[in-house]
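Here is the structure we will look at.
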């Protein structure tokens, strides 16, 4: 039996927008590959990097679906089904909108795939594939290890993706992760994580956790065990980590080089609207928190949500100035997206502010990182233009040149300098 795994591209990007440049390994599909037992075979096609050979033999096709690539995922599913191949859809978008996804697939997986994979494959082989499989949220990757062989020959960025935990305890109004995991958080068995690092000889790691510091007690034990492995790592963490100096020291000692932090806004009113509680507790224009991060030598990759109910062209410009002034290694300026199931989506729907009939992810006119709603203080077109400008300004030559001069972070050592130059180059290309 041959199983084909598909990572869809963003099928509706604007011309010249190189969002697929600098792609990272799709870890979720390597986890699925690790579940596949001999003599079944597996192959990965990454739509971001290569042409999918639809006429190549496949017995079963499994596609991971995010909201941004849902339309392209459904197109790919349709091509295989036209050829008589069974298609299973999974991923966060499918779990949020299973009834929609069912229209485009023979079967859908709601929740994590690991607990139901063997049952689904057995049903397929008996010709009794169910329309829907509902998986409980439990210990991530329990005894399961990714098969990274499926990445061979593909031009991914030289960093290995790994997970220590899934979920987040916070309840931000714009976040689909909270909805997907029901505000819960679970850590993997740390012996499994350590074994995976050693087994696959991972040296430069990006932990893909939604918020790695959620369970600080368990993380602290893990980081102590990580120290002897001498890896370099980064993850996504909330800014309230600055309140735990012992944890910050363990992060440093275990090889942490930086963190992706969701700042979202420099306006406390927006943070309240977003229910971004860890930011509100550490606000004061983030000055003290940022100094602590710099003192520990952490590079900061800052994420901002543009287009909230308090945003204007002026506030967006000041947000970019804030990011440049603080010499963030990287910054991401995203148009606020009303993801299905979130409180922001429900608010905009009740206020009749959603564009594209509310289903922007599946509309042929929607383009990546463009407004999908009517902002309060701007037009959708103004919001889109302001977001594009924000990314261009941050990755302009003058900005890249000025931000590099931080000896505590970006120029701390040769490794940091290489990270800075490589990723700023990649993201400058995507902002064109």
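The values are calculated or read from the model by the stated rules, or taken from the named source; none is laboratory data. Everything numeric here is computed off the predicted structure, so don't read it as measured data. Cβ: placed from backbone, ideal geometry, glycine included. Neighbour counts: every protein chain shown.
To keep it simple, each residue is scored yes or no on (1) surrounded by 18 or more Cβ atoms within 10 Å (Cβ to Cβ); (2) at pLDDT 95 or above.
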| position | (1), (2) |
| --- | --- |
| 337 | yes, no |
| 366 | no, no |
| 370 | yes, no |
| 379 | no, yes |
| 388 | yes, no |
| 402 | no, yes |
| 430 | no, no |
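Only one entry of 65, 13 meets the criterion of being modelled with pLDDT of 95 or more and under 24 Å from the mean Cα position of the chain (by Cα), and that entry is 65.
One line per residue, one yes/no per condition, for (1) over 19 Å from residue 66 (Cβ atoms); (2) under 24 Å from the mean Cα position of the chain (by Cα):
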{"position": "352", "(1), (2)": "yes, no"}
{"position": "357", "(1), (2)": "yes, no"}
{"position": "360", "(1), (2)": "no, yes"}
{"position": "363", "(1), (2)": "no, yes"}
{"position": "368", "(1), (2)": "no, yes"}
{"position": "372", "(1), (2)": "no, yes"}
{"position": "380", "(1), (2)": "yes, no"}
{"position": "385", "(1), (2)": "yes, yes"}
{"position": "394", "(1), (2)": "yes, yes"}
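Condition check ((1) within 30 Å of residue 425 (Cβ to Cβ); (2) not in a loop (DSSP other than H, G, I, E, B)) across all residues:
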residue	(1), (2)
340	no, no
348	no, yes
371	yes, no
376	no, no
383	yes, yes
386	yes, yes
393	yes, yes
400	yes, yes
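The numbered conditions (1) within 23 Å of residue 2 (Cβ to Cβ); (2) under 19 Å from the mean Cα position of the chain (by Cα); (3) in a helix (DSSP H, G or I); (4) in contact (Cβ under 8 Å) with a residue 60 or more places away in the chain are all true for residue 94 except (4).
The set of residues from the range 385-432 being over 22 Å from residue 319 (Cα atoms), free of Cβ contacts under 8 Å to residues at least 60 places away in the same chain and in contact with a helix residue (DSSP H, G or I) (Cβ under 7 Å, 6 or more places away or on another chain) comprises just one member, 411.
For the range 24-62, a residue qualifies if it is farther than 24 Å from residue 193 by Cβ and within 16 Å of the chain's Cα centre (by Cα), and exactly one does: 48. When 33, 58, 73 are checked against the criterion of being in a loop (DSSP other than H, G, I, E, B) and touching a helix residue (DSSP H, G or I) at 6+ places or on another chain (Cβ under 9 Å), 58 stands alone in meeting it. Of the set (1) surrounded by 13 or more Cβ atoms within 10 Å (Cβ to Cβ); (2) part of a loop (DSSP other than H, G, I, E, B), all apply to residue 116 but (2).
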